[in-house]
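Remarks on the structure that follows.
The values are calculated or read from the model by the stated rules, or taken from the named source; none is laboratory data. Quantities reported herein were computed from a predicted structural model and do not represent experimental measurements. Note: ideal-geometry Cβ built from the backbone for every residue, glycine included; neighbour counts use all protein chains shown.
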Amino acid sequence: MTPLAFSILFALAIVAATLVRIWLAARQIRHVVRHRERVPEQFSATISLDAHRRAADYTVARTRLVFLDATVSAAFVLGMTLLGGFQWLYDLLFAALPEAPLLRQILLVLAVALAASVLELPFDWYRQFRIEARFGFNRMSLRLFVVDLLRGLAIAAVLGVPLLAAVLWLIERTGSAWWLWVWFLWMGFNLVVLVLYPTVIAPLFNRYEPLADEPLRKRLERLLARCGFEARGVFVMDGSRRSGHGNAYFTGLGAAKRIVLFDTLIERLDADEIEAVLAHEIGHFKRRHVVKRIALTFVLSLGGLWLLGYLGQQPWFYVGLGALPRDAHWGGLALVLFLLALPSFTFLLHPLAAALSRRQEFEADRFAAERTDAGMLIRALVKLYRDNASTLTPDPVHSRFYDSHPPASQRVGRLSLLQSITRTSPA
């Protein structure tokens, strides 16, 4: 492939991805607005028209931001690549640190990552302090927003910089098979983080306390025993410090697994509903969804590293993206260019990932329905849809492209069918 051909292909990919993002956002807005004035019959007895309108307005407000976000992101990538921004930065660091190739490459990667984070910061602020605040979800102060940002940067520095240095060192020292050695390092790093996250990283941002409600705790422990799920306990997270949204999840691997319930979830759901929600989360584990996702991530990362190993040896890859290596130390240069270009080429694969996730959500729902009352899970979901202002009428195309969870109508419909089957089954 020639550099010019690759430049044209890359430009077409990023323009196509941006236009598809904008088209999908426009579809979502039109569809939600069109159905704003009527609650779907399936939910007419449980969701008020005011709540339905609020969810529509919330969805539209969040989706409108995509128009600007997609355009700015595309402009940033094009500016860094074909318009010469990245080459300028590379030349600047090369002139300043000609005899320190490893440090130069580390700073190059960090500079681009920092620039991307700074570019995204206004969007994060607007979502939190304008959209979330407008709909009553924001409980975060500006001080906490800044503290979270600084903590995140500190963790990224402590964990990410040594990892980056090790990756670049392996690229330099392990020959043509460097991508395989980096893959082993990447796998080990991720597994360590998964184990450490519940007890070391997460408590830096939130407070986790053992569930104090004795009857509820014993009830949930009986559910865990009935499902054969071993965990280090059920914990309540102070999610209300930042948001009015409610959720539940389990985290960690092996002996470090723990169940986490948002305090906002406990405030809104009764014991039957919480048990059903927890059964759904256990379903993800028992159906091996977590293991499958980790395995898929590792397989895809192996393929991605192999591809990077190939592209790193192709002059057209660098020149086609507006860059030119000045010495044999190309690892950091290739890595950044790869990470800038890849999303535009893989964007149209989003529906595959979303479809897999929705399938797993259905499987977890079925697991919960078989071990608790499906009606309680329906009731819990309806409350969460209402209280989290989740639209009941997403655009079907937008939903299939992005949504990791099935639309409310499909999810509740399947649970209702499971409930009716359970009720009519002979004792």
Restricting to the range 100-147, give me the number of residues that are among the aliphatic types (A, V, I, L, M), touching a residue at least 60 places away in the same chain (Cβ under 8 Å) and part of a helix (DSSP H, G or I).
7
Filter result for D365 (of a type in the set (D, E), in a helix (DSSP H, G or I) and in contact (Cβ under 8 Å) with a residue 40 or more places away in the chain)
yes
Given the conditions (1) surrounded by fewer than 16 Cβ atoms within 10 Å (Cβ to Cβ); (2) in contact with a helix residue (DSSP H, G or I) (Cβ under 9 Å, 6 or more places away or on another chain); (3) assigned to a helix (DSSP H, G or I); (4) at pLDDT 90 or above, which single one is not true for L337?
(1)
How about the range 388-416: which of its residues are surrounded by 19 or more Cβ atoms within 10 Å (Cβ to Cβ) and hydroxyl-bearing (S, T, Y)?
T391, T393, S399
For A116, only one of the following conditions fails: (1) under 17 Å from Y402 (Cβ atoms); (2) under 23 Å from the mean Cα position of the chain (by Cα). What is its number?
(1)
Could you please tell me which pairs satisfy a Cβ distance under 7 Å, a separation of 6+ or placement on different chains, a first residue in the range 161-190 that is over 17 Å from V336 (Cα atoms) and free of Cβ contacts under 8 Å to residues at least 60 places away in the same chain, and a second residue that is hydroxyl-bearing (S, T, Y) and surrounded by 15 or more Cβ atoms within 10 Å (Cβ to Cβ)?
none
Quick one: what pairs do we get from the range 333-361, first residue free of Cβ contacts under 8 Å to residues at least 60 places away in the same chain, second of a type in the set (K, R) and surrounded by 14 or more Cβ atoms within 10 Å (Cβ to Cβ), C-beta under 8 Å, 6+ apart or different chains?
P351/R400; A354/R400; A355/R400; E361/R411
Has the range 153-176 got any residue that is within 19 Å of the chain's Cα centre (by Cα), charged (D, E, K, R) and in a helix (DSSP H, G or I)?
no
For the range 259-280, how many residues meet the condition of being under 16 Å from A225 (Cβ atoms) and at pLDDT below 90?
1
Within the range 265-272, identify whether any single residue is in a helix (DSSP H, G or I), more than 24 Å from F205 (Cβ to Cβ) and in contact with a helix residue (DSSP H, G or I) (Cβ under 8 Å, 6 or more places away or on another chain), and answer yes or no.
yes
